[in-house]
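Here is the structure we will look at.
Nothing in this text is a laboratory measurement; each read-out follows from the coordinates by a stated rule. This is a predicted model, so every value here is computed, not measured.
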Amino acid sequence: MSCGEPHETDCAEVLDHLYEYLDREMPDGDLTKFREHFEECSPCLEKYGLEQAVKKLVKRCCGHDEVPGDLRSKVMGRIEVIRAGQAVPEQPVVEPAAGRPRTAPLASPGGEGSGEQV
């Protein structure tokens, strides 16, 4: 996305780091640079407003649930792997009730081809 106007900070850079800006997880100099960009670029400001609204909605609806420590550790570990540019290994999805991996569609009792997944 770009508004077609030249800016000191490119629209693509701003949008690539939008969540870092929203979460205030960037140096103060970058925060200022992004704030100035939003003041002069209405398409980026609109995208910022939308993402800010979504973040507030998620916080309001889901912000009271406590995250298990092991889940938080796993997520943070995967984020670090991705940031380091390493390949993330595929892991099977585990069904909570049965505790078994779900890696492929299961065949129906009547034969193959149903495409039904559990």
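Here is how the numbers come out for the structure above:
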read-out: Partner lysines for residue 47 [C-alpha distance under 21 Å; skip if fewer than 8 residues away on the same chain]; value: 33, 55, 56, 59
read-out: Prolate/oblate/rounded call for the stretch 1-80, Cα gyration tensor, a/c under 1.5 rounded; value: prolate
read-out: 14 Å Cα-Cα reach of residue 74 towards aspartates and glutamates, excluding residues that sit fewer than 8 places from it in its own chain; value: 90
